[in-house]
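Have a look at the structure below, then the notes.
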Amino acid sequence: MSDEVMLQPADVVAAPVIAALQRACFPDDPWGEEAVATLVGQPGSFAVLALKGEEPVGFVMARVAAEDAEIIAIGVSAEARGRGIGRRLVAASLDGSRERGATALFLEVAEDNDAARALYKSCGFFPVGRRPGYYKRPDGRVAALVLRYSFVSV
Ligand SMILES: CC(C)(COP(=O)(O)OP(=O)(O)OC[C@H]1O[C@@H](n2cnc3c(N)ncnc32)[C@H](O)[C@@H]1OP(=O)(O)O)[C@@H](O)C(=O)NCCC(=O)NCCS
């Protein structure tokens with residue numbers, strides 16, 4: 001199998017694949033295929049899959065409403081992490097959001113998610129809010145940070 005990882009747009013047909021990746025990346029908050037299909041099928045939504053050969057190794061789901069875009073979920077399978085795939089998926093989200101007319105891209109990240117926070121920081125996102133106790137953890141709750149990437153300089 002080729003080691004090259006390709007990104008490709010995904011639609012509702014890919015819902016089972018995206019849902020399987022989502023469950024592997026977020027075992028504490030698994031989504032079913034129907035939830036993924038509903039989200040990806042909404043106007044303004046888009047998804048991108050990362051494929052190593054034919055093997056799905058990463059995904060991102062995002063949506064655009066008027067001028068604001070949002071990353072709903074992004075993940076890379078554990079064995080494929082640390083090779084730039086997450087960064088490419090963020091870049092694809094930025095491109096897809098800009099193409100659809102967004103002026104900013106938002107996301108939420110758990111305050112204890114060091115890898116994701118480092119990724120977003122290095123991609124140019126800045127914190128704009130904090131939601132205490134937003135995510136459940138086996139030993140309690142953790143805050144969500146709201147991050148924003150702006151396509152326009154202010
Ligand atoms: C967050 C996630 C998508 C990153 O994907 P990835 O393919 O491993 O990321 P990349 O290889 O593109 O790394 C890009 C940057 O992120 C940061 N990063 C990635 N993994 C990191 C880690 N374990 N520790 C610290 N920083 C890390 C680094 O800044 C890295 O840049 P560098 O390689 O130049 O140092 C992946 O860890 C993941 O799927 N985690 C589980 C699901 C999740 O938490 N999703 C995000 C929810 S908001």
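Values in this text are rule-based calculations from the coordinates and carry no lab data. The shown structure was predicted, so the numbers you read here are calculated from the model rather than taken from an experiment.
Which shape class, rounded, prolate or oblate, goes with the range 70-154 when its Cα gyration tensor gives a ≥ b ≥ c as root eigenvalues, a/c under 1.5 marks rounded, and past that a/b bigger than b/c marks prolate? Oblate is the answer for the range 70-154, as a/c is 1.5 or above yet b/c matches or exceeds a/b.
In angstrom, the C-alpha Rg and Dmax of the chain are 15.0, 46. With the helix formula -39500 (n - 2.57) applied to DSSP H stretches of n ≥ 4, the chain reaches a computed 222 nm mean residue ellipticity of -9000 deg cm²/dmol.
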